[in-house]
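Read through the structure below, which is laid out as C-alpha cells, and then see the notes.
Quick note: the coordinates plus some simple rules give every number you see, no bench work behind them. This structure is a prediction, so every number in the text was calculated from the model and none was measured. Neighbour counts are summed over all protein chains in view; Cβ atoms, including those assigned to glycine, are modelled from backbone coordinates with ideal geometry.
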Amino acid sequence: MTVDLRSLPPWERARIKQARFEAGCTSVSRYLAVMLVTAFFVAITAAPIAQALTDLGLYQRIVTAFSLGDTDVAESGPPPSILTRLFTSNRSLLAAIHTIDDLLANRSLVAQVIRPPVQQLMTAWLGAGTEQVELGLEGWLFYSPDLNHVIGPGFLAPEQLGRRASSGDTLAAAPQPDPRVALVDLRGQLARRGIALVIMPTPVKPTMHPERFASRSPPRSVVSNASYAAFIDELQQDGLLIFDVTAELAKDKSHGAGPMFLATDTHWRPETVERIAERLAGFLKTAVPLPARPAAGYSATSVDLSNRGDTAQLLSFSENQPLYPPEPVTIRRITTGDGTAWRPDPRADVLLLGDSFTNVYSVQTMGWGEAAGLAEQLGFVLQRPIDRLSRNANGAFASRELLSAELRRGRDRLAEKRVVIYQFAARELSYGNWKLIDLTLDRSGPRATFMRVTAGARIDVQGTISAIGDVPPPGSVPYRDHVVAVHLTNIEVESDAVPSSGTEALVYLRSIENNELTVAASYQPGERVKLRLEPWANVTGKLGGLNRSEVDDPAVQLAEPWWGVSREDRP
C-alpha cells in the first residue's frame, strides 16, 4: 500500500522523511569504523593464532586428514570404474571433513580452555544443559537420548520404522530398525542348538524416575515408550521368554522403594543390580531349569567408593567443579573361593550377553569398581559359573557381534550352554541397529596372510592403516573410553620375536582415554604407523567391555586380534 505524503500533516511528513534518511544513510566516524573492523579481525583470528602458538599439532593433524582423505589403499582385482572411484573419493572426503570437525570441536584451545568454565557458568546461572545432557531436579542429570526414547514416537509405529529404515547416507547404511525380527532370529539360531533365550530389556533412567525430571510426575509413576507394552506382549505371544526389568522395578517403586538409578549417571545403582540378579535367578529356575551342580563357593564383600557419573562428565566441566560432586555407592564385590576377583567362565552353561548396564560395576575404567556387575551378582545368587560377553554401547548388536566373532574364530562359546540371557538398554529399541547376525561356528580360521597370535608375544612393527573403525567425538556418548579396530597391512616386524610370516593383522587400539582423544584417533587409511603389539587376550579382562568400533570387513573380523600401542610421539 502506497501512502501519499501530501495527504499527511506536515509534522508526519517530516518524521517519515527523517526515518527514510537515517535508514538509508548511516554515518559512522572513521575512529569508530577502525575500532569495529579491528575488533572483528581480532575476534576471528585470535582463536587460530592462539591455537597455533599453544598446539600446532592440531593443524598438523588437520593437514594429515585432508591429505589422506582421498587416499585409496590398493586392493587386488580389476581397477574400479570411474563411478566407483567417484563415490569412494566422496566418502573419503566426507570422512576427512568429519574428522576435522571433531578435532576442532574437541581438541582446539577454545574447546579445552574456554568451554568448561562457560558451560559451568551457564549450568549454574541459567540451568542450561548440553545437547547430550538435560538437567533434572534435585541435582539429577538425564541423558538426552534416554529422554527422547521415553517421550518420543513409538518405536514400532510403521511411520517410525519406515523413517529409520530409509535414514542411511553416504557414510552410513540405514539400520535394521525392528527389534522383533532380530530377536526372533536369535531365538531360532539358539533353539537349533538346544539353547533357550531369555530377553532382558533394561529400562533407562527417565522410565523409572520421571519425577526427578518433571515436578508434576507422580512420585511412584513409571513412564515407558508408547510401543513398549505392545512389544513385550507380542514377544510373549510368540513364545519368547521375557524377563521384564521395568515391570520388576515398577513393583518396587509402587511399594515406595528409594532411588534405583544413580543421580549423575545413566546407569542403575548397585543395590538395584543385586535385586534384579536375585529375581533373574528365580526366573531362570522356573523358566529354564538348570542341572544341579556343586556350589561355586563365591563370596561377597562390601566396598565403598565414589565416582562422578557419566552424564556429569558429558557436561565438560572443569575437574574440580562443585555443582555435581562424586556420588558415593556401596558395591557388593564377588570373589572366588581362593579370594580372586570373579571372572567369566567360557565353560559355564549360562551365557550373559550385555551392554554397559551389565558392565557398569564390572569394568573398572567406568569408575564404579569391578567384580560387582550383573553377571557377578547372578553367579553369586545361583552359586554357579556364568559366561559373559558384553560391550558398552550399541546393545542392539554389539554383544551378538562378540559372540559371532568368537564362533567365526573357531571358539565355540555356545558349547554346553543351556541358556543365553540377552540384556540391552531399552533406548536401543528406538535407536539401535537390529541387524541380523549369523551365529554359525566356523573352524576354517583366517587367511594365512594374517599374523598368528601367540601367547606371550610382544613385538614392534611398522604397518599401513588399510581400514579403521569410527571413533565417536569425546562427550558424544556417556563413556569415557573407547577402543578402535584397525586393519594393518604391509607389516614389517622390527623386533626379534617374529610370531609368523603374515603381513596383515587385526589390531585394537585405545582411541579415547578418559574423554581425551589418543594418537590412534588421528590415524587415517593409507597412513604408515609404528606400533607395539601383544595378544588382545592379555588385556581383554580390563578392556574387553569398553565401547569399541570394528572395521567393516568380515574377513578381517575373523582374525585373532592384537592389542596395539603407538610408538610415535605425535601431537
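Points worth noting:
- Under the combined filter of DSSP loop state and at most 16 neighbouring Cβ atoms within 10 Å, segment 111-215 retains these GluC sites (Glu not before Pro): 131, 138.
- Globularity ratio of segment 148-191, using Cα Rg and 2.2 N^0.38 Å: 1.39
- Electrostatic dipole magnitude of the chain [Cβ: Lys, Arg +1; Asp, Glu -1; Cα centre; debye, to 20]: 640
- Cβ crowding within 10 Å averaged over residues, with 249-262, 30-43, 366-379 ranked highest first: 366-379, 249-262, 30-43
- Label-point separation, residue 299 to residue 345 (7 Å along Cα→Cβ), nm: 1.8
- Dividing the helix sum by the residues of the chain, where each DSSP H run of 4 or more adds -39500 (n - 2.57), gives a mean residue ellipticity at 222 nm of -10500 deg cm²/dmol.
- The share of Cα pairs per 5 Å bin across segment 381-477, counted from zero up to the longest distance, runs 2, 9, 13, 18, 18, 17, 13, 8, 2, 0 percent.
- Of all DSSP beta bridges confined to the chain, the antiparallel ones make up roughly 60%.
- Taken about its Cα centre, segment 129-288 carries a charge dipole of about 360 debye when Lys and Arg each add +1 at the Cβ and Asp and Glu each add -1 at the Cβ.
- Taking max minus min of the alpha-carbon positions on each principal axis, segment 479-571 gives extents of 37, 30, 24 Å, largest first.
- Contour minus Cα-Cα distance for residue 144 and residue 86 (0.36 nm per residue): 17.2 nm
- Look at the alpha carbon pairs under 8 Å that are at least 6 residues apart: their mean separation over the length of the chain gives a relative contact order of 13 percent.
- Cα-Cα P(r), the chain, percent of pairs per 10 Å interval: 3, 15, 24, 25, 17, 8, 4, 3, 2, 1, 0
- Pairs of lysine residues in the chain that meet both criteria, 8 or more places apart or on different chains and Cα atoms under 24 Å apart, total 6.
- Projecting label points 7 angstrom from Cα along Cα→Cβ for residue 11 and residue 118 puts them 4.9 nm apart.
- Hydrodynamic radius (Kirkwood) for segment 253-407, which is based on Cα pairs only, to one decimal in Å: 16.7
- Stokes-Einstein D in µm²/s, Kirkwood radius over Cα pairs - segment 156-310 at 37 °C with 0.692 mPa s viscosity: 176
- A simple charge model with +1 on the Cβ of Lys and Arg, -1 on the Cβ of Asp and Glu and nothing else charged puts the dipole of segment 459-566 at about 280 debye relative to its Cα centre.
- Separation of alpha-carbon centers, segment 158-214 and segment 313-391, rounded to whole Å: 23
- Applying the Karplus relation 6.51 cos²θ - 1.76 cosθ + 1.60 with θ = phi - 60° to segment 279-292 yields 3J(HN,Hα) values of 6, 5, 4, x, 4, 5, 5, 8, 7, 9, x, 9, x, 5 Hz, where x marks Gly and Pro.
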